[in-house]
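Visitor: Sharing a structure, written as structure tokens. Questions coming.
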Amino acid sequence: MRHNGFRIAGVAVREGQCAKNCRDDEGDIVSTDTPIENLSAALAHAQYAGFPEIIYQDRDWEHFQKTKEDRRIEKRRRPSIRDITVTGMFTQIWGSTALGFGGIGGAAMTTAYTIILECEGRYAVYFGGRFAYIIERPNETFFDDMVRQQMEKVADANKYKKAEENA
């Protein structure tokens, strides 16, 4: 492909075009967000909003300093970057520019990064760096689709929830 412009993550960007949605030589809209931008946005959301607080037991240091007695108390904290694992990152093709979010989007095949993050058994899914859904207890279909690199859109995410054992 020849372009009068520059390349971002292997995709040509023409002078004056928006770097978010550019068209290739075939006229298809392609995302020029770099994998680093997508991953950074997903990790930031997961750390500060996406995953719930981590609840843990710690020594009551104030009590310990006074009495030398080891007493435990419940504490809470936001997940740190060390608590979050990138379990999947791949490009996925969507039927519109709305990606897997539904709604109104241009009727063009669109490629975007799908990112799956894990923290304490919960999985957060992102399309194009944007939060899509979180699955608390994923079933085998979730992992099968992750291996196939074809995750469900937001409206169909419930198919990934594990059925209750005692239901």
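Visitor: What is the sum of charges, Lys and Arg at +1 and Asp and Glu at -1, for the other residues whose Cβ falls under 13 Å from the Cβ of Val125?
Guide: Working: positive: Arg122, Arg130, Lys153, Lys159, Lys161; negative: Glu118, Glu136, Asp145, Glu152, Asp156.
Value of the local net charge: 0.
Visitor: Here's a follow-up. Per 0.36 nm of contour for each residue apart, how much would the distance between Ile54 and Asp144 grow if the chain were fully extended, relative to their Cα-Cα spacing? Write down the numbers at each step before the final one.
Guide: Working: separation 90, 0.36 × 90 = 32.40 nm, distance 2.76 nm.
Full-extension gain reported as 29.6 nm.
Visitor: A further question on this structure: Just to be sure I follow: if Rg is taken over the C-alpha atoms of the range 21-156 and Rh is the Kirkwood radius over the same atoms, what is Rg/Rh?
Guide: When Rh is taken as the Kirkwood radius, the ratio is 1.16.
Visitor: Another question, if that's okay. For the range 65-75, what does the Karplus curve 6.51 cos²θ - 1.76 cosθ + 1.60, with θ = phi - 60°, yield as ³J(HN,Hα) per residue in whole Hz, taken in order and with x for Gly and Pro?
Guide: Coupling constants for the range 65-75: 5, 7, 10, 6, 8, 7, 10, 9, 9, 7, 10 Hz.
Visitor: Once you have the Kirkwood Rh of the range 77-136 from its Cα pairs, apply Stokes-Einstein at 4 °C and 1.567 mPa s and quote D in µm²/s.
Guide: Estimated diffusion coefficient is 104 µm²/s.
Bear in mind these aren't lab numbers, they're just calculated from the coordinates by the rules spelled out. As the structure is a prediction and not an experimental result, all values here were calculated from the model. As a convention, Cβ positions derive from the backbone with ideal geometry for all residues, glycine included, and neighbour counts pool all protein chains shown.
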